[in-house]
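The numbers here are math on the coordinates, done by the rules we state, and not lab data. For clarity, every value in this text was computed on a predicted model and none was experimentally measured. Glycine gets a Cβ as well: all are built from the backbone with ideal geometry, and neighbour counts include every protein chain shown.
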Amino acid sequence: MIRVVLADDQALVRAGFRALLDAQDDIEVVGEAGNGEEAIRLATQLMPDIVLMDIRMPGVDGLSATRRI
C-alpha cells in the first residue's frame, strides 16, 4: 500500500486528487494539509511514502516545505 499526504491550499484541488487516488486499490491518502507547515507536521507524524505538494501556498511554500521534510 502506498501512503500519500496531499498538500494544497485549495480544498477543491485536494478533493479532486483524493478522489483520483482513492479509486486506486494500492494507494491510501493518509492526510491532507492546507499549507506548508501542516504538510511538514503531517509528513513527520504519518511518515507517508509520498507527499503530493503544491509549490505555491501561503506562508511556507511547497518548495521550502519539501526541503524541510
In nanometres, the difference between 0.36 nm per residue of separation and the alpha-carbon distance of Q45 and D25 is 4.9 nm
Rounded to the nearest 10 degrees, the helix 36-46 long axis (Cα) sits at an angle to the longest Cα principal axis of the chain of 50 degrees
With +1 on the Cβ of every Lys and Arg and -1 on the Cβ of every Asp and Glu, the dipole magnitude of the chain about its Cα centre, in debye rounded to the nearest 20, is 240 debye
Computed over the chain: longest principal axis from alpha-carbon atoms vs helix 11-22 long axis, angle to nearest 10 degrees, is 40 degrees
For volume of the Cα convex hull per residue in Å³, with candidates (i) 73; (ii) 62; (iii) 93, the value calculated from the shown model is option (ii)
Within the stretch 16-37, the residues whose backbone N lies under 18 Å from a label point placed 7 Å from the Cα of M1 along the Cα-to-Cβ direction are 18-32
